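K.L.:
What follows is a single structure, and I will ask about it in a moment.
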Amino acid sequence: MTSCPRPEELYLYLEGELGPYDARKLEEHLECCAACRDALAERRLLHEAFTSLPPFEVPDGFARSVMDSLPEPEAVKAGWLNPLLAGAAALAVGLLGFYVLTGTSLVEVLVAVNGFLGSAVARIAPLAVKTLKLGGVLLKVVGDLLALGFEGLGTFTRLLGREGTVAVLGLVLLLTILAVFGARRFLHQGEQS
Amino acid sequence: MTEDRQLVSRALKGDRKAFEMIVRKYEQPLTSYLGRVTGEREAALDFAQEIFLKAYCSLRSYRPDFKFSTWLFKIASNHLIDHWRKKKLPTVSIDQPIEEEDGEVLPQVADPGPSVVRKFELAEIREKIERALKSVPAGLRELFVLRHVNEFSYEEIADIKGLPVGTVKNRVFQAKELLRKRMEAA
């Protein structure tokens, strides 16, 4: 006969928290141990009572009183629609005000605004096209310069050979490290002073 | 669980109705937990209100990959700890075994003894548990309530309390055996 289980194991068994192997072992033990059967029956009744304790009553208006005590929610973050609507509303108010003050009809105002916007676009468009063309030319020049640089580097490494390239790379690396640390030190001194 | 996440997401967008649904869903489990742990119904209702307010104000810190109930009860548990600290109530050390005045509480072998529970019907036992629960140290009582009243798994309780699962299991067991002993003595 196996030794009697600890009371903790009895609770875990009742809660289904004991592993299958341990549960089987315990069941086997229970078959031949009346004391443990009694102990288990007692814990079973207690377990039943533990798990069926009545819930606390909550007064009807509790949720309402909680909601009333909450602060007002933060304003919902405006998306793109709100500024657009606000702009449209401001424009409408502006046009209406202009009409009321000057007596000019709304249609005339709209035509004038349209004409102004059209002339602005007509002036800006050629400038934008020229800027784009210039950007294209600049990109081509930079690309050509980079290609030339790579070609020159290739020729240089071929002339130097493997050992020479390694030596030059090592020197460049050393100079870079010295420059970085020198700059950091310089900046650090600057902060201190 | 998904429903909770959706409600939180709606509440974060300013939908108060969604948060009210959360309050209605958790008002009873939360009050049962607070009431059983503090032993005072009115205090439990006040605490519940404060905890819902805390939850509402820190809703943005809730991470949806965790269960909302676990997050809410973590706030509740911390709220109680603060309350006990303010009132300077004795707290239970996790590392110290709980002992009764008459000696060790936890028998290491099954102790059949004179069966006390058979003397009472289940309803009577519940009443006795309610009374005995008040005399169980607050730290143990809280874990017992989370496990058996709120029906959290041991893993969830470990998460709420920030304790190892083994410690939680052991503490819940201690609470149950202590209750049994107190009922026996009554």
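K.L.:
Is it true that some residue in the range A:66-87 is more than 41 Å from the chain's Cα centre (by Cα) and more than 8 Å from chain B (Cβ to nearest Cβ)?
P.N.:
No, because not a single residue in the range A:66-87 is more than 41 Å from the chain's Cα centre (by Cα) and more than 8 Å from chain B (Cβ to nearest Cβ).
K.L.:
Now for a different question. Which of (1) in contact (Cβ under 8 Å) with a residue 12 or more places away in the chain; (2) surrounded by fewer than 12 Cβ atoms within 10 Å (Cβ to Cβ); (3) small (Gly, Ala, Ser) is the odd one out, the single condition A:Gly103 does not satisfy?
P.N.:
With respect to (1) in contact (Cβ under 8 Å) with a residue 12 or more places away in the chain; (2) surrounded by fewer than 12 Cβ atoms within 10 Å (Cβ to Cβ); (3) small (Gly, Ala, Ser), A:Gly103 is out only on (1).
K.L.:
I would also like to ask the following. Of everything in the range A:26-46 that's open to solvent by 30 Å² or more (accessible area, probe 1.4 Å) and in contact with a Leu (Cβ under 9 Å, 6 or more places away or on another chain), which residue is nearest to the other protein chains (Cβ to nearest Cβ)?
P.N.:
Residue satisfying both the conditions and the ranking: A:Leu45.
K.L.:
Find the residue count for the range B:141-155, including only residues that are in contact (Cβ under 8 Å) with a residue 40 or more places away in the chain and surrounded by fewer than 21 Cβ atoms within 10 Å (Cβ to Cβ).
P.N.:
So the count comes out to 1.
K.L.:
Would you check which residues across the range B:22-44 are more than 17 Å from B:Lys74 (Cα to Cα) and within 9 Å of another protein chain (Cβ to nearest Cβ) and list them?
P.N.:
Matches in the range B:22-44: B:Arg24, B:Arg41.
K.L.:
Something else about it: Among all residue pairs at least 6 apart or on different chains, which show Cβ distances below 6 Å where the first residue, located in the range A:163-179, is without any contact (Cβ under 8 Å) to a residue 60 or more places away in the chain and the second is surrounded by 10 or more Cβ atoms within 10 Å (Cβ to Cβ)?
P.N.:
Listed by first residue and then by second, the contacts come to A:Thr165/A:Thr157.
K.L.:
Looking at the range B:170-186 only, could you name the residues that are open to solvent by 50 Å² or more (accessible area, probe 1.4 Å) and assigned to a helix (DSSP H, G or I)?
P.N.:
B:Asn170, B:Lys181, B:Arg182, B:Glu184, B:Ala185
K.L.:
So is A:Ala23 surrounded by fewer than 20 Cβ atoms within 10 Å (Cβ to Cβ), farther than 21 Å from B:Arg131 by Cα, within 7 Å of another protein chain (Cβ to nearest Cβ) and among the small types (Gly, Ala, Ser) or not?
P.N.:
no
The values are calculated or read from the model by the stated rules, or taken from the named source; none is laboratory data. Treat the numbers as computed from the prediction; the structure is a model and nothing was measured. Here the Cβ is made from the backbone with ideal geometry for all residues, glycine too, and neighbour counts use every protein chain on show. Heavy atoms of the whole protein, side chains included, go into the accessibility calculation; ligands, DNA and RNA do not. Shrake-Rupley method; radii C 1.70, N 1.55, O 1.52, S 1.80 Å.
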